[in-house]
Structures are given as C-alpha cells and as structure tokens.
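The values are calculated or read from the model by the stated rules, or taken from the named source; none is laboratory data. Being a predicted model, the structure only gives us computed values, none of them experimental. Using ideal geometry, Cβ is built from the backbone for each residue, glycine included, and neighbour counts are taken over all protein chains shown. These area figures cover heavy atoms from the full protein model, side chains too; ligands, DNA and RNA do not enter into them. Shrake-Rupley method; radii C 1.70, N 1.55, O 1.52, S 1.80 Å.
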Amino acid sequence: MDFARVEPTAEDQEFLDRARDFLAATVTEDVLRRAHESGDGFVEELHLAMGAQGWLEREVNSAADGGLTPVQRRSWDLERRRAKVPLVTWGATMMILRAVREFGSPELLEEVLPGVYRGEIRFAMGYTEPEGGSDIAACATRAVCAGADWIVNGQKMFTSGAHNCGYVFLLTNTDPDGRRHRNLTMFLVPLDLPGIDIQGLRTVDGERTNITYYQDVRVPDRYRLGEVNDGWRVLNGPLSAEHGAGGADPNGLADIAIMSGFGTTMAVTADRVTAVAAETGPDGRRRLDDGSIAYRLGRAHARIEAALSAPSLFGRVAIAQTMRDIAPDLMDVLGDGSALPVDDAGAVADGAAEYLYRWAPLIGIYGGTLDVFRNMIAQYILGLGRPNYSAMK
C-alpha cells in the first residue's frame, strides 16, 4: 500500500486557493444555519453560486472533458467537507446524472444538462415504496403505456430533496406479470406534472424527506431512460454508487468507503467530547482521569479509525455500526448536559454528541439497511450463498 503524499503542482495550488476563497465567501454562518433548520441538506443560492462559477460542471466531467483532475477533485471534496457544505441534493443529482447521460435521449439531455450545470435543475431518487422497504425490485408503482405517453400511479417513500428538485428518477413497474427485475422501467419525471403531490416527513435527526404520490400522471415517452422493462440496468449504476459497491479508486485519492464523510463527522465529534473530558472541572479533576471514561473514549477512537480504514461495502457497514455503538458512550461520558441539542444554552460540546446519537440510526438506513449490506457482503463478496428466512421447524 502506497502512503506517499501527493505534491500539488502550481496549478493544483491555484485551484485549491480559488476553492477556499469561494467557499469562505459563500458558505456563511447564515447558510449553515438555514441548512440545519430546514433539514434539507440544501441551500439554493449556494447551489446556484456553485453552478454560476462553473464548479458543478467541472465536477461532473472528467479531466479529459474539461473537468477536475484527480488531485483537484480530492481537494474540492475535502474543502467542501471542511466548510460543511450541504450536499445531499447535489450528491443524489450526481449519481442519477450518470444514468441520464448514458440512457437519456438527445432531446432529454438538451432539456436538462444545461440546467444541471447551472445549478437550476436537481434530481431526486424515486425508488423506495411503503410496502417494499429495501427490496426496491418489489416495485408496485405502475406505468401503463398510453400512445406516446405513460400513465403513472403509485407512491414513493424517502424521495429526499424532491421539493427542491425539478425531476425525479422514478422506478416503475411496466409488466406486473413479468419476470422479477425484467419488468421495471426508469423515467426521469418532471416534478411539476399534474398529479404529483410531495408531502414532507421529518426524521428523528431533524432532516426532511418526502412521500411522493403519483395519481394518473401523464409522462411523455421522451422522459423514459433506456428500454421498456430494462430499468434494472439503468438503475444499477446509480444504485451501486449509492451503495458504495464500486472498486478502488485507481488514483488512490478518493474515500475508500462511501460513508467516509459521515465517519469524519463522527471522528470530529469524538475529538470534541475527548477535549471536554480533558478539561479540569471546578473540583480540580478531569473526567479523562477516570479509567472507565478513558477506556470508553479510547475504544471509540480505535473503532472509528478501524471503520474509516475499511473499504467499499465493509466500510459502509463499519462506519454506520460504529456510529450507532459509540454515540451512547459519548453522551454518557459528557453527562446530563449532552442531552441538550445543538444551539441550546448549556449544551455540552455544542450538542455534537446528542446530534450524533439521533443521526446514527439514519446512517444505518441510507441507501438500504445494514442487514441488506451485510447480506450483500456475505453473498456477493464472501460467496456464502443466499440467506434463508424460512421458519425453523
């Protein structure tokens, strides 16, 4: 394994300086406050500013096509992370954009690509359904051909960001009696079509997601992606990207697991809790001098390091499980004040541990539950076969 440092060129340094200047000027405390209060993971004027100054278009293109080089891409990722840029909606848009570029008609690409680059058009994921859970192939949302259009009926859960997006990447069932995975068709559906209703849902950590309802929505065929009943192939790329199931980065510069950004937040929280524990209290003692507290903090830091070192799906599981396991310990170390949320008077460590505790269950659900990912590791990586859920006799 090569742990060599990358020496940036003069061009790389100039890029880094511009990125830092842009983020310092646009990611203000007011922007971060509004992102936190809305729970959207999105602030429109910041996103539009990134589009207007060319950051979005360069990010989605390769260096050969005028986009970012590997070093620039890593610098941009890390600087945005340090600036706490809300990127939930842009992350979904980027994953979907790959499939749109590959399977969309020239007419559709002409309609959406310029707006995506300018930051004016965003995409939401329309996969999960109330009765399907993580089994998105059990899709019940129907699309019925009606001449040059399709009539769509159904509903989707967890279409996060839909209220800030122009289109939804919608999975539909176009052949209810067909073979599983061979009866699905993907569409990029404009969210302003008649018959679409978006209703907000708040999660325990304060984020907003949505339920979206589709009642006799007439979708022109030009919004279809790929062939009819070949939607699983269209969906596979964005789904694999969301799962973090891709191979290692050839340049060795990307995160080794898709949840590494969340893992970094966990590590920062653990550092803040440790700093508080190391402070001398009114009685002249430090919490860190208590052997049980030192042990629990040491175990937390060791587990975080191990989780951040795990690649691919292993890292996806390790980071989410570690967050669930250590969040109660971090709150317990801080005492009663840790129960106060962010921005509340008296909150210890600015409420970071309390937020991590509420956030942890959601991290184990994003893109599929931990049990789904464990089964994927067992079946597709370790070759242990399919799980058997039949009742034992």
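Enumerate the strands (runs of 3 or more DSSP E) found wholly within the range 182-224, keeping only those where 1 or more residues are modelled with pLDDT under 95 and within 22 Å of the chain's Cα centre (by Cα). Spell out the reasoning first.
On the way: elements: 184-190, 196-202, 208-220.
Where strands (runs of 3 or more DSSP E) fall fully within the range 182-224 and carry at least 1 residues being modelled with pLDDT under 95 and within 22 Å of the chain's Cα centre (by Cα), they are 196-202, 208-220.
I need the full set of residues from the range 129-181 which are among the hydrophobic types (A, V, I, L, M, F, W, C), assigned to a loop (DSSP other than H, G, I, E, B), more than 28 Å from Asn375 (Cα to Cα) and more than 17 Å from the chain's Cα centre (by Cα), in order please. The answer is Ala148, and nothing else.
Every residue, every condition in (1) in contact (Cβ under 8 Å) with a residue 40 or more places away in the chain; (2) under 25 Å from His163 (Cβ atoms); (3) in contact with a strand residue (DSSP E or B) (Cβ under 6 Å, 6 or more places away or on another chain); (4) of a type in the set (Gly, Ala, Ser), yes or no:
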{"residue": "Thr28", "(1), (2), (3), (4)": "no, yes, no, no"}
{"residue": "Arg34", "(1), (2), (3), (4)": "no, yes, no, no"}
{"residue": "Glu37", "(1), (2), (3), (4)": "no, yes, no, no"}
{"residue": "Gly41", "(1), (2), (3), (4)": "yes, yes, no, yes"}
{"residue": "Ala52", "(1), (2), (3), (4)": "yes, yes, no, yes"}
{"residue": "Leu78", "(1), (2), (3), (4)": "no, no, no, no"}
{"residue": "Ala92", "(1), (2), (3), (4)": "yes, yes, yes, yes"}
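Can you tell me how many residues in the range 105-164 are of a type in the set (Lys, Arg) and open to solvent by 30 Å² or more (accessible area, probe 1.4 Å)?
2
Selection within the range 372-393: residues that are open to solvent by 50 Å² or more (accessible area, probe 1.4 Å) and touching a residue at least 40 places away in the same chain (Cβ under 8 Å). The member of this set that is nearest to Thr274 (Cα to Cα) is Arg374.
Taking each residue of the range 351-369 that is at negative phi and small (Gly, Ala, Ser) and looking for partners that are open to solvent by less than 50 Å² (accessible area, probe 1.4 Å) and modelled with pLDDT under 90 with beta-carbon atoms closer than 8 Å, six or more apart or interchain, yields Ala352/Val342; Ala353/Ser338; Gly364/Leu370.
In the set (1) in contact with a Cys (Cβ under 6 Å, 6 or more places away or on another chain); (2) closer than 30 Å to Leu32 by Cα, the condition left unmet by Asn173 is number (2).
Report yes if some residue within the range 6-20 is among the acidic types (Asp, Glu) and either touching a residue at least 40 places away in the same chain (Cβ under 8 Å) or closer than 20 Å to Ala162 by Cα (or both); otherwise report no. Yes, there is a match, as at least one residue in the range 6-20 is among the acidic types (Asp, Glu) and either touching a residue at least 40 places away in the same chain (Cβ under 8 Å) or closer than 20 Å to Ala162 by Cα (or both). Sub-9 Å Cβ pairs linking a first residue in the range 308-336 that is on the phi > 0 side of the Ramachandran plot and free of Cβ contacts under 8 Å to residues at least 60 places away in the same chain to a second residue that is among the hydrophobic types (A, V, I, L, M, F, W, C) and open to solvent by 20 Å² or more (accessible area, probe 1.4 Å), at least 6 apart or interchain, are Gly335/Val348, ordered by first then second residue.
Asp343 satisfies every condition listed in (1) of a type outside the set (Gly, Ala, Ser); (2) surrounded by 14 or more Cβ atoms within 10 Å (Cβ to Cβ); (3) under 25 Å from Arg81 (Cβ atoms) except (2).
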